[in-house]
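What follows is one structure encoded as structure tokens, with my remarks underneath.
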Amino acid sequence: MSSDKSEAVSRNPDIVIRVRDVSKHYVMFERPEDRFKQMVVPRLERLIGRPPRRYFRDFAALSGVSFEIGRGETVGIIGRNGSGKSTLLQIICGTLQPTSGSVEVNGRIAALLELGAGFNPEFTGRENVFLNASILGVPRKEMEWRFDDIARFADIGPFLNQPVKTYSSGMYVRLAFATAINVDPDILVVDEALSVGDEAFQRKCFARIEDIKDKGGTILFVSHAAQTIVQLCTRAVLVDGGEKILEGQPKNVISQYQRLMNLVGDEAQSVREQIRQKDNANLRHLDGRSRKIALDNKDNVFDFDPRNKNNLNDDSWFDPSLASPAKVEYESQGAKIDQLKIVNSAGDQVNVLAFGKRYFYQYTVEFDEVIHNVGFGMLINTRTGLGVAGIGKGVRGRPVIKRVEKGTKIKVTLEFSASLLPDVYFLNAGVMGRSSHGSNFAHRILDGIAFRIAPVPDLEETGIVDLGIVFNHEFVD
């Protein structure tokens, strides 16, 4: 594995991580005795002129993965369990060697990998902090004046002087993350380990990650949480089966990941190939175009033009140019969603909504087979893919319908308030249940339709949603 930092700097100082055609293979033995046979039998067969037999199978954890990360970028890696994400991070961090390919890293890298990596369980927390610092090349004197900040952030009290083997998983992650972020890393690598912390600590961690990001640090982040990837990252990479199958704008990558994650067997392979063969250049072009038209294009899906109103006397109206540029459908597994629309109280189809009024989101579901324990759902996403609000009716509690026969057609209506602040939003639709395919989405559509909350004169609220904030003030002595 290449580690020549000066070479990387001379070529392009703005590239801090360069992964080139990295592969990692493991030898897998079915039985313990096969390991001994592999050591002896092939050698004997070569001596007597026979072709050597193999008593193992080759497992490719990673196959030909390549990408670059620029200085100041926050890149998210997402994929199903066993896709090779953690293996890739370990290779980037230098704790694992690739079978082939190379990785170049330019800068001090601090990593929070899977639980148990990097700390000696026999050492105390204090001793492990200084051990990690020495590995990262931080002088002991420097670490001594940083130690109080680490202890304050970790907040594990007297356990700091106890052996790490006595720690709970949450305490371990608190100390590991506090150590990683307090050595002023040029590059911060974070695996799924943060998921074991409590909610308050997770928020503190993400706030610190955002601070590092704002100061120009480079972050490589692995998570199964789609919203976390969308919120934190400037770019995302989808890994599946050890291969990089998609790279691009986080919302697009997450949509394809969600399309893939519930599939198995031939269906999964078919969708995986469709995603892998997508032209990334076209996706990047679409991403750039979407950002541009959102700001200043006059004839696009995000443009607000009152001349398009169907009814000038109505607060809400339908703009035929307002469409979703990134609609993604799951493969149908016993049901099919169609005819997505929003209607007002008069029953008219609309997609430009009046702030604060109530509307009805409707879609039809046609069932191709018998499905049990049926539930329905919706989710409103922002332009960046953040899920703002929704419902999974009958998903966690009593099902909406216990059994739906093949050939049944159902119209779903979900009433909601337009309490979102003026902007463009996107609507998902989903039908869940237990069928011959298992218990999962029978069908789902991501970003099926777009809608706009119309501008409001002199609106003082900020953010995404109106919380009904009431302001008051008084003079005091």
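LEU312 falls short of the stated requirement of being of a type outside the set (Gly, Ala, Ser), touching a strand residue (DSSP E or B) at 6+ places or on another chain (Cβ under 8 Å) and either assigned to a loop (DSSP other than H, G, I, E, B) or at pLDDT 50 or above (or both).
Taken together, THR166, THR179 contain a single residue that is surrounded by 15 or more Cβ atoms within 10 Å (Cβ to Cβ) and of a type in the set (Ser, Thr, Tyr), which is THR179. Taking strands (runs of 3 or more DSSP E) as the structural unit, those lying wholly within region 36-148 and holding at least 2 residues that are touching a Lys or Arg at 6+ places or on another chain (Cβ under 9 Å) correspond to 57-70, 74-78, 100-105. The selection criterion, being at pLDDT 50 or above, surrounded by 14 or more Cβ atoms within 10 Å (Cβ to Cβ), outside any loop (DSSP other than H, G, I, E, B) and in contact with a His (Cβ under 7 Å, 6 or more places away or on another chain), holds for ILE337. For the condition at pLDDT 85 or above and more than 24 Å from the chain's Cα centre (by Cα), ASP319 qualifies. Scanning region 1-37 for residues that are at pLDDT below 80 and aliphatic (A, V, I, L, M) gives MET1, ALA8, VAL9.
The values are calculated or read from the model by the stated rules, or taken from the named source; none is laboratory data. This is a predicted model, so every value here is computed, not measured. Neighbour counts are summed over all protein chains in view; Cβ atoms, including those assigned to glycine, are modelled from backbone coordinates with ideal geometry.
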